[in-house]
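Undergrad: Pasting a structure below so you can have a look.
The values are calculated or read from the model by the stated rules, or taken from the named source; none is laboratory data. For clarity, every value in this text was computed on a predicted model and none was experimentally measured. Cβ placement follows ideal geometry from the backbone for every residue including glycine, while neighbour counts extend to all protein chains displayed.
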Amino acid sequence: MKLKNPPVNSLSLEMLTELVINLEKLENDKAVRGLVLTSEYPGIFSAGLDLMEMCGRNPAHYAEYWKALQEFWLKLYQSSLVVVAAINGASPAGGCLMSLICDYRILADNPKYTIGLNETLLGIVAPFWFKDTMVNTIGHRASERALQLGLLFPPAEALQVGLVDQVVPEDKLQSTALSVMAQWLAIPDHARQLTKTMMRKPTVDHLVKQRDADIQNFVSFVSRDSIQKSLQMYLQKLRQKKS
Ligand SMILES: CCCCCCCCCCC/C=C/C(=O)SCCNC(=O)CCNC(=O)[C@H](O)C(C)(C)COP(=O)(O)OP(=O)(O)OC[C@H]1O[C@@H](n2cnc3c(N)ncnc32)[C@H](O)[C@@H]1OP(=O)(O)O
């Protein structure tokens, strides 16, 4: 599946909705057992959540957006398919989250392709289920440091900390993803799927229990004037970067 939402594959409401629909279609297709997730645009895997969905909208929109994000996370994290992320570009914040909920992560070796949950750099806090997903991948201490400092890891460091499973030359990314997929598909589906469910259930249950409260938290947080101001300033900085 190629992510295709120009210019930076931000996770807009439309993109999240389409991702969930496409995942459902693939899961219902008995001929499909695995999925390689990559970007149509080498250089950018995903810029994360779409900042435009969080700026200058009304509370109902914020709630709808956050619910769609939760839905996407729940769908992909619990997918019965083998999901391999072939990360062919920068992957900050929500882009990193999307990689973390796959079963295996391969990052192309390019110093520009950094990955991490950098929310604190924007003055915002990664929600508990982002944090849980990271802790499940790299452990508590490494997550605490990465989250507080908003670290964006270049490939060698991402590998060292365990944020990705493999770093390969850019031209070997797709072929490596296919051989990893073959290895995972050699395991009987039912045993692998039940194991995945068992490993992920506590984290899923944590979000499911708190879902409505989490939406309310997000809506009240993002509606604050101070947060709106910082998001606007951040967007302006991104735009000015070009000039
Ligand atoms: C107490 C607890 C309460 C909890 C409440 C919850 C709080 C909220 C938590 C929310 C968690 C947030 C997660 C996120 O994912 S936020 C998004 C974070 N993403 C980023 O910071 C990435 C920003 N983008 C970049 O760094 C670069 O764009 C990138 C490296 C991805 C690509 O660089 P490049 O130079 O190739 O491209 P440009 O920077 O020139 O960008 C091109 C245009 O795209 C626009 N853009 C970029 N990123 C985004 C985005 N995430 N959303 C929307 N739009 C984006 C950028 O502005 C450019 O637009 P223009 O062409 O119009 O200038």
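Undergrad: Can you find, within the range 172-194, the residue that is nearest to the ligand (Cβ to nearest atom) among those that are surrounded by 14 or more Cβ atoms within 10 Å (Cβ to Cβ), aliphatic (A, V, I, L, M) and under 22 Å from MET134 (Cα atoms)?
TA: ALA177
Undergrad: With the checklist (1) within 12 Å of the ligand (Cβ to nearest atom); (2) at positive phi in hand, flag the one item GLN210 doesn't pass.
TA: (2)
Undergrad: For the range 223-243, name all the residues that are within 6 Å of the ligand (Cβ to nearest atom) and either of a type in the set (Val, Ile, Thr) or loosely packed, with under 14 Cβ neighbours inside 10 Å (or both).
TA: LEU238, ARG239, LYS241, LYS242
Undergrad: Right, something else. Any residue in the range 81-97 that is over 14 Å from VAL180 (Cα atoms) sitting within a Cβ distance under 6 Å of a residue that is near the ligand (Cβ under 8 Å from one of its atoms) and part of a strand (DSSP E or B)? List the pairs, counting only those 6 or more apart or interchain.
TA: Taking only residues 6 or more apart or on different chains, the pairs are GLY89/GLY43; GLY89/ILE44; ALA90/ILE44; GLY94/LEU11; GLY94/LEU49.
Undergrad: Further question on the same structure: Any residue that is touching a Pro at 6+ places or on another chain (Cβ under 8 Å) and either at pLDDT 95 or above or aliphatic (A, V, I, L, M) (or both) - is there at least one of those in the range 32-41? Steps first, please.
TA: So in the range 32-41, the residues touching a Pro at 6+ places or on another chain (Cβ under 8 Å) come out as 41.
Next, only the ones that are either at pLDDT 95 or above or aliphatic (A, V, I, L, M) (or both) stay: 41.
Looking for residues that are touching a Pro at 6+ places or on another chain (Cβ under 8 Å) and either at pLDDT 95 or above or aliphatic (A, V, I, L, M) (or both), one finds at least one in the range 32-41, hence yes.
Undergrad: Residues of the range 119-135 being away from the ligand (no atom under 12 Å from the Cβ) and charged (D, E, K, R), which ones?
TA: ASP132
Undergrad: Next up: Scan the range 164-185 and report the pairs whose first residue is of a type outside the set (Gly, Ala, Ser) and at pLDDT 95 or above and whose second residue is in a helix (DSSP H, G or I) and surrounded by 15 or more Cβ atoms within 10 Å (Cβ to Cβ), with Cβ atoms within less than 6 Å and a gap of 6+ or a chain change.
TA: Pairs found: VAL164/ALA158; VAL167/PRO155; VAL167/LEU159; VAL168/THR176.
Undergrad: For THR197, indicate whether it is among the β-branched types (Val, Ile, Thr), exposed (fewer than 14 other Cβ atoms within 10 Å of the Cβ) and over 16 Å from LEU122 (Cα atoms). Can you show your working first?
TA: On the way: among the β-branched types (Val, Ile, Thr): yes; exposed (fewer than 14 other Cβ atoms within 10 Å of the Cβ): yes; over 16 Å from LEU122 (Cα atoms): yes.
Judged against the criteria, THR197 is a match.
Undergrad: Do we have GLU53 as of a type outside the set (Ser, Thr, Tyr), in contact with a Leu (Cβ under 8 Å, 6 or more places away or on another chain) and either without any contact (Cβ under 8 Å) to a residue 12 or more places away in the chain or closer than 22 Å to ASN217 by Cβ (or both) here?
TA: yes
Undergrad: Considering only the range 202-212, I want to know if a residue exists there that is surrounded by fewer than 12 Cβ atoms within 10 Å (Cβ to Cβ) and touching an Asp or Glu at 6+ places or on another chain (Cβ under 9 Å).
TA: Yes, the range 202-212 contains at least one residue that is surrounded by fewer than 12 Cβ atoms within 10 Å (Cβ to Cβ) and touching an Asp or Glu at 6+ places or on another chain (Cβ under 9 Å).
Condition check ((1) modelled with pLDDT of 95 or more; (2) in contact with a Leu (Cβ under 9 Å, 6 or more places away or on another chain); (3) surrounded by fewer than 24 Cβ atoms within 10 Å (Cβ to Cβ)) across all residues:
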{"residue": "ALA85", "(1), (2), (3)": "yes, yes, no"}
{"residue": "ASN88", "(1), (2), (3)": "yes, yes, no"}
{"residue": "LEU97", "(1), (2), (3)": "yes, yes, no"}
{"residue": "ASP103", "(1), (2), (3)": "yes, yes, yes"}
{"residue": "ALA108", "(1), (2), (3)": "yes, yes, no"}
{"residue": "PRO111", "(1), (2), (3)": "yes, no, yes"}
{"residue": "GLY116", "(1), (2), (3)": "yes, yes, no"}
